[in-house]
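K.L.:
Below you will find the structure I want to go over with you.
Read the figures in this text as sums done on the coordinates, not as results from a lab. Remember, predicted model here, so these are calculated numbers, not experimental data. Counting neighbours? That spans all protein chains shown, and the Cβs are built from the backbone with ideal geometry, glycine included.
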């Protein structure tokens, strides 16, 4: 096969990029593009907020005037990797309406404006790609988009935030304090500038919100999804996890229930050693997709850091050369999925003061444990109750899901009977201890 | 977001399938399609070889006359999952020339006819998809096709044959004999009808041959690739592996060397416990892709069995609804990669009779071990020697690669000096024992 054959469909497309943001990801992308001439993509201009900061690139590349990029006819691609969601949306919107393709890494902005962004894509016909906004280097959006027909996707479980996973790993494996682990993550460039976005689960739920559109055709908003982060996880919980041969991970899940509707949430979870997600340590991300016929598939890669994120941006830029755009197949070409809160979760809950636990809200409690420093229980709660209340994530209370935590409404009574029979003895015994 | 929005690009394409083959995969696909009405794909007719065999489908579906499918204008997709590579090529060629899209699972046929199949795709403009032909359920072809620009793909290491991996796992973990493990694999439908194809590495090298086109734009043929299977691996080797905290896997590899050329081979290998590939057990497959900026990515899923393979065929059928075709980007749009045999491999070799080991062919030997039942050494060989000879896989000799076995020509002398200095004592000591 000669190397000079030209493919008939090949468009030799030169991409001229206007880049917004020159933080770890923006600079990573700049370095990556310099080392990848075959991509035929070059950065013409970079818009930054702070002109005083020293940059590892020629000064003439930079401007603080966004219109210099947005109004430049020679620029046909806007890449946006800034922290400010409102500014990012203005940039993306203006660029799409101005006939430019856009690549973005702003999960928060996309989560907040998903409906408008879908409309803008339909209206303008421009590509809007954002692989970097979920799981960094793992090509999860495009795989969900191209595979797993709506009928076939049973569930997805994923670790989508590298920063919290790094912190949890260091807390468990090296017994670092939460504070020291967070500091390390920030120094290594894995954590958002505002750590609250990572550790309280906002970053994860934003990503999950966006992935739900590609996985199930569900267009929703983060505040409708049950979530928390790892801010309440205690050394005590880690100890219980170890005793039970679990690790704790912050897991984003979506599962098609027997009703056909979809349960989706982001919560800390006990993960069994045999679970693929226990393989995911430090700043890595992992996605387990369970489908009707392929069984479980597992995608694993770096989920944070400058180069992994830049490489995802790069893969989108590369796709633009072939005019790739998301088709949102499950949204537009199938009957889109629908979220439900009508199901139950089996949870582990540790706390200092039993008075603050509303025992009557539990469907049942099958374990009670009291230790000198802290108490914990295992019980079943309705998801709507978790959404409507916040006692389970305040006042030093810590909630962690059991493995296979989802209990469908149909199965509740049967499981309740079985669990209480099994746990009967411990239950009475436990009660006496309080 | 209403669920009635029609995407402007949406083609409501009805696929009418002519299916060749109704073995485990063919029947799996038939079952899968019956359960997936949203795909808008139906099987009109199935061509089989043996009309006497009882089938789990209505008799009127079947024919033994291939022209009934190939000449049927209503059939717009041919799916071919038969065992006979020559018949498969005739079917694929006739179908493409007849204006039909083709989905195939025949790695052997594709490997043997890759050049002609590339030409047929260019000539006819029809889609020819074959995700099922490599790693079954793992979408490795499409990910290699869409990601990892030629410059960025450092290496791929993969377990691509579920049957041999199943056998190795059972031999190691359950101490089954090779024969019993093979029998189990066949009973479970993981092994090819001719087990030689699996266990002697033919299946793996065929897959690797085809993946090289998508990974590096290399169009070659299996006989130009260094390979063997697991037929020579002994219980003794497994014992040595265990002592060194390794497992043995049949690993297909491709790596871009410093010269810019690509080393590619399929050989048994010692795999470290920390290596992603040690996670891959039983009939599963796994692919580790190392790229310039994303670092290591790992894809994992079922690599054998009726439904996982059928699900990959299904994903290709689904892609046809959107007129997807492989672009062979690295072949046509970049400078294609080039294979080289100018490098060295560090190997473990166990044998009965030292006279049959051509010691002078080694660059150096850094370990000698003699046990009562068997002897082994660790040394470095030029790849061209392995290609030109077969003493290393005959007469009870067993070769297993060390982890990170590739030694580039540039580095040979430096490494030789270092290794011999380190191993000096054992070397003399070892010699005395023989």
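K.L.:
What is the distance in Å between the Cα centroid of segment A:55-112 and that of segment B:203-271?
P.N.:
With segment A:55-112 and segment B:203-271 each reduced to a Cα centre, they are spaced 44 Å.
K.L.:
Can you pull the one-decimal nm distance between simple spin-label points at residue A:184 and residue A:258, each 7 Å off the Cα toward Cβ?
P.N.:
4.5 nm
K.L.:
Would you tell me the mean number of C-beta atoms belonging to other protein chains that fall within 10 Å of each C-beta in B:329-339, as a whole number? Don't skip to the end; give the middle numbers.
P.N.:
Values: counts 5, 1, 4, 9, 10, 3, 3, 5, 1, 1, 0.
So the per-residue partner count for this stretch is 4.
K.L.:
In degrees from 0 to 90, rounded to the nearest 10, what is the angle of the helix A:202-216 Cα long axis to the longest principal axis of chain A?
P.N.:
On a 0 to 90 degree scale, this one is about 80.
K.L.:
I've got another one for you. Take the Cβ-Cβ distance between residue A:421 and residue A:342 as r, set R0 to 25 Å, and report the resulting FRET efficiency rounded to the nearest 0.05.
P.N.:
Numbers: r = 25 Å, r/R0 = 1.02.
Calculated value: 0.45.
K.L.:
Hey, for residue B:115 with labels 7 Å out along Cα-Cβ, what do the inter-copy distances come to in nm, ordered shortest first?
P.N.:
So the distances to the same position in the other copies read 5.9 nm.
K.L.:
Once the Cβ-Cβ distance between residue B:221 and residue A:74 is put in as r, and R0 is 56 Å, what FRET efficiency do you end up with, to the nearest 0.05? Numbers along the way, then the final one.
P.N.:
Numbers: r = 46 Å, r/R0 = 0.82.
The formula returns an efficiency of 0.75 here.
K.L.:
Taking every DSSP beta bridge that has both residues in the protein assembly as shown, what percent is antiparallel when rounded to the nearest 5?
P.N.:
On the way: 104 of 148 bridges.
Of the beta bridges lying entirely in the protein assembly as shown, close to 70 percent run antiparallel.
K.L.:
Between residue A:243 and residue A:413, what's the calculated FRET efficiency when r is the beta-carbon distance and R0 is 30 Å? Round to 0.05.
P.N.:
After rounding to 0.05, the efficiency reads 0.50.
K.L.:
Still on this structure: For residue B:194 and residue B:355 in the same chain, what is the full-extension length gain: residue separation times 0.36 nm, less their Cα-Cα distance, in nm?
P.N.:
Working: separation 161, 0.36 × 161 = 57.96 nm, distance 3.37 nm.
The span from residue B:194 to residue B:355 would gain 54.6 nm if fully extended.
K.L.:
Considering only DSSP beta bridges where both residues belong to chain B, give the percentage that are antiparallel (nearest 5).
P.N.:
Counting DSSP beta bridges with both partners in chain B, the antiparallel share is about 70 percent.
K.L.:
Taking only Cα atoms, what is the 0 to 90° angle, nearest 10, from helix A:412-433's long axis to the longest principal axis of chain A?
P.N.:
Roughly 60 degrees between the two axes.
K.L.:
Along Cα→Cβ at 7 Å, what distances in nm separate the residue A:59 label point from those on the other copies, shortest first?
P.N.:
8.9
K.L.:
If we hang a label 7 Å off Cα along the beta carbon direction at residue A:236, how far is it from the matching labels on the other copies, in nm, shortest first?
P.N.:
Ordered by distance, the counterparts are at 5.9 nm.
K.L.:
List, largest first, the extents of the alpha carbons of chain B along their principal axes, each in whole Å.
P.N.:
Projected onto its principal axes, the Cα set of chain B covers 76, 47, 44 Å.
K.L.:
With n ≥ 4 as the cut-off for DSSP H runs, can you work out [θ] at 222 nm for the protein assembly as shown, using -39500 (n - 2.57) per run divided by the number of residues, rounded to the nearest 500? Intermediate values should be presented prior to the final figure.
P.N.:
Numbers: 30 runs with 300 residues, N = 868.
So the calculated ellipticity at 222 nm is -10000 deg cm²/dmol.
K.L.:
Per-residue counts of other Cβ atoms within 10 Å, averaged by peptide: what ranking do you get for B:298-308, B:403-413, highest first? All intermediate terms of the calculation are to be shown ahead of the outcome.
P.N.:
Working: B:298-308: 25.6, B:403-413: 15.2.
The densest-packed peptide leads the list: B:298-308, B:403-413.
K.L.:
Let me ask something else about it. For chain B, take the longest principal axis of its alpha carbons; what is the angle in degrees between that and the long axis of helix B:24-34, to the nearest 10 within 0 to 90?
P.N.:
40 degrees
K.L.:
How well do other chains shield peptide A:284-290, expressed as the mean number of their Cβ atoms within 10 Å of each residue Cβ?
P.N.:
Numbers: counts 4, 0, 2, 0, 1, 2, 0.
Per residue, the number of nearby Cβ atoms from other chains is 1 on average.
K.L.:
What ranking, highest mean first, results for peptides A:207-218, B:47-58 when packing means the other Cβ atoms within 10 Å averaged over each residue? Write out the running numbers ahead of the final one.
P.N.:
Numbers: A:207-218: 25.4, B:47-58: 11.9.
Packing order, densest peptide first, comes out as A:207-218, B:47-58.
K.L.:
On to the next question. For segment B:312-379 and segment B:137-175, what is the separation of their Cα centres, given in Å?
P.N.:
Each part reduced to its Cα centre gives a spacing of 13 Å.
K.L.:
Let me confirm one metric for peptide A:311-319, namely the mean number of other chain beta-carbon atoms within 10 Å of its residues' beta-carbons.
P.N.:
Values: counts 10, 3, 1, 7, 8, 0, 1, 6, 2.
Taking all residues of A:311-319 together, the mean is 4.
K.L.:
What full-extension length gain, to one decimal in nm, is calculated for residue A:274 and residue A:236 as 0.36 nm per residue of separation minus the Cα-Cα distance? Numbers along the way, then the final one.
P.N.:
Details: separation 38, 0.36 × 38 = 13.68 nm, distance 2.25 nm.
Taking residue A:274 through residue A:236 to full extension adds about 11.4 nm, to one decimal.
K.L.:
Any chance you could tell me what percent of the C-alpha pair distances in the protein assembly as shown go past 39 Å?
P.N.:
Details: 168354 of 376278 pairs.
Tail of P(r) above 39 Å: 45 percent of Cα pairs.
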